[in-house]
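Asker: First, the structure itself, so that you have it in front of you.
The values are calculated or read from the model by the stated rules, or taken from the named source; none is laboratory data. Keep in mind that this is a model prediction, so the values were computed, not measured. Quick reminder, even Gly has a Cβ in these numbers, built from the backbone with ideal geometry, and neighbours come from all protein chains shown. Surface accessibility is based on the protein's heavy atoms, side chains included, excluding ligands, DNA and RNA. Shrake-Rupley method; radii C 1.70, N 1.55, O 1.52, S 1.80 Å.
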Amino acid sequence: MKAMVVRAANQPLVMEERPLPQPGRGQVRIKVHACGVCHSDSFVTQGLWPALQLPRICGHEVAGTIDAVGEGVATLAVGERVGVGWHGGHDGTCRACLRGKFIHCEHVQVTGISTDGGYAEYMLAPAVAVARLPEGMPFEIAAPLLCAGVTTFNALRRSPARAGDMVAVHGIGGLGHLGVQYARAMGFDTVAIARGAEKADFAHQLGARVYIDSDKEDAAAALLELGGAAVILATAPSAAAISSLMGGLGIEGALTIVAAAFEPLSISAVDLLTHDQRVQGWASGTAADSVDAMAFAQRAGVKPMIEKYPLDQAQTAYERMMAGKARFRAVLEM
């Protein structure tokens with residue numbers, strides 16, 4: 001098979017011919033039809049993940065068909081349309097991995113990071129990590145929903161907000177454009193926050209009732225004028241920008257972070273105490289969560305906007321994504 005491989009940190013991906021992998025016990029082999037290119041792939045390409053072993057095939061937004069089944073797999077069959085996300089399986093030996101929580105837990109496998117992923121024509125996955133695709137959903141649409149989609153979907157449905165509450169989505173890029181759509185479909189009073197007046201029409205098309213241009217006004221103050229947000233979903237990886245939003249939360253509001261900003265946040269403990277607020281991170285979900293996120297998206301008309309690339313242009317797709325030029329998710333097609 002052909003695969004685009006990270007051979008060394010901070011070096012371009014390399015096309016390689018590799019032997020077709022054979023599924024072991026509890027595994028399936030997936031013929032990859034599409035694989036999303038995600039910002040989290042930088043954990044591999046830049047060598048940022050603890051105990052990362054290179055070379056590695058990255059990619060954790062994988063959609064395809066099962067073409068081989070290993071011993072002991074009774075719930076999946078050859079020919080089924082399936083996907084695999086960030087959560088690449090666990091052995092169920094601790095509370096964290098049983099709940100699908102993605103701390104650096106030694107019991108959790110991370111697709112495309114601790115195991116080879118979907119920048120290839122075929123990949124192996126534990127059956128427990130596999131999600132069936134909704135009937136009729138194209139592979140290239142399903143792929144981004146298996147990370148960007150399930151992350152924003154899960155963060156919102158597990159949040160303290162209820163239908164009719166104000167939810168603000170900070171950033172309308174790869175994660176945020178899905179977050180706005182999910183928030184609108186869940187019945188939230190949806191506010192989009194981004195930089196630039198030219199994004200207003202797009203934000204409204206996605207489903208936002210209000211658009212706040214953070215270049216022209218203080219986003220936190222604008223949220224307070226609207227009554228204060230029950231939830232702010234932070235999808236843009238800027239610690240300074242995320243920190244500046246805290247003042248826009250209402251009483252018992254939650255700042256939920258789904259974008260990996262590496263710099264420290266600056267948060268007032270006094271504000272948290274006096275307003276009963278909280279700051280929370282959220283990462284992806286299990287295969288069952290992915291099934292829910294895709295099914296909800298299909299019913300509610302939530303759809304990722306994508307750019308498509310052939311496998312051998314994975315480096316170009318990755319660079320466009322990292323530069324913020326992709327509109328809005330880059331997807332490799334095999």
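Asker: Identify, among Thr190, His170, Val150, the residue whose Cα sits farthest towards the positive end of the charge dipole of the chain, taking +1 on the Cβ of Lys and Arg and -1 on the Cβ of Asp and Glu, with the dipole about the Cα centre.
Answerer: It is Val150.
Asker: A further question follows. About the Cα centre of the chain, how large is the charge dipole given +1 on each Lys and Arg Cβ and -1 on each Asp and Glu Cβ? Please answer in debye to the nearest 20.
Answerer: Charge dipole of the chain: 460 debye, to the nearest 20.
Asker: Here's something else I'd like to know. Which of His33, His60, His177 moves most in a GNM of the chain, Cα contacts under 10 Å?
Answerer: With Cα springs under 10 Å in the chain, the top fluctuation among His33, His60, His177 is at His33.
Asker: Could you run the Karplus curve 6.51 cos²θ - 1.76 cosθ + 1.60 with θ = phi - 60° over the range 130-141 and give me ³J(HN,Hα) per residue in whole Hz, x for Gly and Pro?
Answerer: Along the range 130-141, the couplings run 9, 10, 6, 7, x, 4, x, 6, x, 4, 5, 7 Hz.
Asker: Quick one: length gained pulling Ser244 to Gln22 fully straight, 0.36 nm per residue minus the C-alpha distance?
Answerer: 74.9 nm
Asker: Number of Lys-Lys pairs in the chain under 24 Å by Cα, sequence gap 8 or more or different chains?
Answerer: Within the chain, the lysine pair count is 11.
Asker: Taking the simple approach of a point 7 Å from Cα along Cα-to-Cβ for both Gln53 and Arg327, what is their distance in nm?
Answerer: Modelled inter-label distance: 4.2 nm.
Asker: For the chain, which whole percent of the accessible surface, found with a 1.4 angstrom probe, sits on carbon and sulfur atoms?
Answerer: Ligands and nucleic acids excluded, carbon and sulfur give 51 percent.
Asker: Could you put Arg299, Arg7, Arg18 in order of accessible surface area, largest first, with the 1.4 Å probe and the full protein assembly present?
Answerer: Accessible-area ranking of Arg299, Arg7, Arg18, largest first: Arg299, Arg7, Arg18.
Asker: Which residue fluctuates most in the GNM of the chain (Cα springs below 10 Å): Ala288, Ala261, Ala269?
Answerer: Result: Ala269 has the largest fluctuation of those listed.
Asker: What order do you get for 246-256, 20-30 when each peptide is scored by the mean count of other beta carbon atoms within 10 Å, highest first?
Answerer: 246-256, 20-30
Asker: Quick one: which residues, 5 or more positions from Val82 or on another chain, have an amide H under 5 Å from its amide H? H modelled 1.01 Å from N in the peptide plane, none for Pro or chain starts.
Answerer: Here the answer is Gly64, Thr65, Ile66, Leu133, since their amide H atoms fall under 5 Å of that of Val82.
Asker: Once you keep just the Cα pairs under 8 angstrom separated by 6 or more residues, what percentage relative contact order results for the chain?
Answerer: Once divided by the residue count of the chain, the mean separation gives 19 percent.
Asker: Related question: Based on Cβ point charges of +1 for Lys and Arg and -1 for Asp and Glu, what charge dipole magnitude is obtained for the range 150-234 about its Cα centre, in debye rounded to the nearest 20?
Answerer: Result for the range 150-234 is approximately 420 debye, rounded to the nearest 20.
Asker: Scan around Ala330 for amide H atoms under 5 Å from its own, H built in the peptide plane at 1.01 Å from N, and keep only partners 5 or more places away or cross-chain.
Answerer: The list, which skips near neighbours in sequence, is Val37, Glu307.
Asker: State to the nearest 20 debye the size of the charge dipole of the range 214-334 about its Cα centre, where the only charges are +1 on K and R beta carbons and -1 on D and E beta carbons.
Answerer: It comes to approximately 440 debye.
Asker: Would you mind working out the accessible area per residue for the range 8-68, using a 1.4 Å probe, and quoting it in Å²?
Answerer: Solvent-accessible surface per residue comes out at 42 Å².
Asker: Roughly speaking, what is the centre-to-centre gap between the range 18-59 and the range 301-334 when only Cα atoms are used, to the nearest Å?
Answerer: Measuring centre to centre over Cα atoms gives 17 Å.
Asker: May I pose another question? Test of understanding: express the Cα radius of gyration of the chain as a ratio to 2.2 N^0.38 Å, with N the residue count.
Answerer: This ratio for the chain stands at 0.98.
Asker: What relative contact order, as a whole-number percentage, does the range 235-289 give when Cα pairs under 8 Å and 6 or more residues apart are counted?
Answerer: The normalised contact order for the range 235-289 reaches 41 percent.
Asker: Among residues other than Ala185 whose Cβ falls under 15 Å from its Cβ, what is the net charge (Lys/Arg +1, Asp/Glu -1)?
Answerer: Residues close to Ala185 contribute a combined charge of +3.
Asker: Taking 8 Å as the Cα distance limit and 6 or more residues as the minimum spacing, I'd like the relative contact order of the range 177-298 as a percentage.
Answerer: Relative CO of the range 177-298 lands at 18 percent.
Asker: I would also like to ask the following. For the chain, build the charge dipole from Cβ charges (+1 Lys, Arg; -1 Asp, Glu) around the Cα centre, then report which of Ala203, Ala8, Met334 sits farthest towards its positive end.
Answerer: With unit charges placed on the Cβ atoms, the residue in question is Met334.
Asker: Ok, one more. What's the local net charge at Gln298, with K and R +1, D and E -1, over the other residues with C-beta under 12 Å away?
Answerer: Combined, the nearby Lys, Arg, Asp and Glu give 0.
Asker: Looking at the chain, send over the antiparallel percent of its DSSP beta bridges, to the nearest 5.
Answerer: 55
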